[in-house]
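Visitor: Mind looking over this structure? Questions follow.
The values are calculated or read from the model by the stated rules, or taken from the named source; none is laboratory data. Owing to the predicted nature of the structure, the values given are computational and were not obtained by experimental measurement. Ideal geometry is used to build each Cβ from the backbone, glycine not excepted, and the neighbour counts take in all protein chains shown. Side chains included, ligands, DNA and RNA excluded: accessible areas come from the protein's heavy atoms. Shrake-Rupley method; radii C 1.70, N 1.55, O 1.52, S 1.80 Å.
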Amino acid sequence: MATSSFWSGTVPGGAPSAEQDASLAGMAAAANLVHKTVEALARGDEDRARRLAAQAAARPFDEHEEIWPGPWAAHYALFERVTDLVEDWPEGDHAWVGALADLMGRVSGRQLDELRHLAAVLDQDARLLSVDDDEARRLRRLAGDADPLAEPSIGVPEDERAEYVLDLSRLVLLVRTRLEDLLLDDVTEEGGS
């Protein structure tokens, strides 16, 4: 019996192929290094964060997915952090979009490119992510001309990958802190009323 595998097509018995296993392991390793980079930054350990970001950036090219795992994992960490928080966000409260807009005014370069891309993806997948129409309109404005299908992490030059991972890890921490603070303020206000 043969079943279809998401990454590699038909595989006997439906088991992942060796290529898929290697790809998943490489991606998991890169994601783990990015997570550790963010946590090192959260503790103020810049040296450790730099070392971890360099390790993530040095992960070998994933032939199966055709990506560099380090930059992609940092890119995905931002998406995952925001979507996880948005899923828990109180319905009808659009403060998270305002927080993203505020952050866009405070960052530049690749961090701004990533936030614009994130806004474009959130707009494109609004229904799937339970983003309401007003939030989607605001996200569309924030995205500008960013293409949701053109990930900024693709094509980062080799000599910039470590700094890219570090910059995105800083952005993940910034976004996480800002959105978690907003969510906490909202809960505190509800509890105080």
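Visitor: From Leu142, Leu173, Leu115, grab the single residue that is open to solvent by less than 10 Å² (accessible area, probe 1.4 Å), among the aliphatic types (A, V, I, L, M) and more than 15 Å from Gly70 (Cβ to Cβ).
Guide: Details: Leu142 fails: open to solvent by less than 10 Å² (accessible area, probe 1.4 Å); Leu173 fails: open to solvent by less than 10 Å² (accessible area, probe 1.4 Å).
So the residue among Leu142, Leu173, Leu115 that is open to solvent by less than 10 Å² (accessible area, probe 1.4 Å), among the aliphatic types (A, V, I, L, M) and more than 15 Å from Gly70 (Cβ to Cβ) is Leu115.
Visitor: Checking Ala73 against (1) over 26 Å from Ser17 (Cα atoms); (2) at pLDDT 95 or above; (3) crowded, with 18+ Cβ neighbours inside 10 Å; (4) aliphatic (A, V, I, L, M): exactly one of these is not met. Which one?
Guide: (1)
Visitor: Would you say Glu80 is over 17 Å from the mean Cα position of the chain (by Cα), surrounded by fewer than 17 Cβ atoms within 10 Å (Cβ to Cβ) and under 19 Å from Met27 (Cβ atoms)? Walk me through how you get there before you give the answer.
Guide: Numbers: over 17 Å from the mean Cα position of the chain (by Cα): no; surrounded by fewer than 17 Cβ atoms within 10 Å (Cβ to Cβ): yes; under 19 Å from Met27 (Cβ atoms): yes.
Criteria not met by Glu80.
Visitor: Report whether or not Asp123 is surrounded by 17 or more Cβ atoms within 10 Å (Cβ to Cβ) and either under 23 Å from Trp68 (Cβ atoms) or out of contact with any Ser or Thr (no Cβ under 8 Å at 6 or more places or on another chain) (or both). Before you say what the answer is, go through the steps one by one.
Guide: Working: surrounded by 17 or more Cβ atoms within 10 Å (Cβ to Cβ): yes; either under 23 Å from Trp68 (Cβ atoms) or out of contact with any Ser or Thr (no Cβ under 8 Å at 6 or more places or on another chain) (or both): yes.
Yes: the conditions hold for Asp123.
Visitor: If you go through the stretch 140-150 one residue at a time, do you hit one that is touching a Pro at 6+ places or on another chain (Cβ under 7 Å) and either modelled with pLDDT of 95 or more or closer than 30 Å to Ala30 by Cβ (or both)? I'd like the intermediate steps shown before the answer.
Guide: The first filter runs over the stretch 140-150 and keeps only residues touching a Pro at 6+ places or on another chain (Cβ under 7 Å), leaving none.
No, the stretch 140-150 has no match at all.
Visitor: Next question. When the residues of the stretch 84-100 are filtered to those that are within 16 Å of Ala136 (Cβ to Cβ) and over 19 Å from the mean Cα position of the chain (by Cα), which remaining residue is most open to solvent (accessible area, probe 1.4 Å)?
Guide: Per the criteria, the residue is Glu91.
Visitor: Give all pairs with beta carbons closer than 9 Å in which a residue from the stretch 101-123 that is more than 13 Å from Ala150 (Cα to Cα) meets a residue that is of a type in the set (Asp, Glu) and open to solvent by less than 20 Å² (accessible area, probe 1.4 Å); count only pairs at least 6 apart in sequence or on separate chains.
Guide: Between residues of the stretch 101-123 that are more than 13 Å from Ala150 (Cα to Cα) and residues that are of a type in the set (Asp, Glu) and open to solvent by less than 20 Å² (accessible area, probe 1.4 Å), the close pairs are Val107/Glu114; Leu122/Glu135; Asp123/Glu135.
Visitor: I'd like the residue in the stretch 30-45 that is under 18 Å from Arg59 (Cβ atoms) and touching a residue at least 40 places away in the same chain (Cβ under 8 Å) and, out of all such residues, is surrounded by the fewest Cβ atoms within 10 Å (Cβ to Cβ).
Guide: His35
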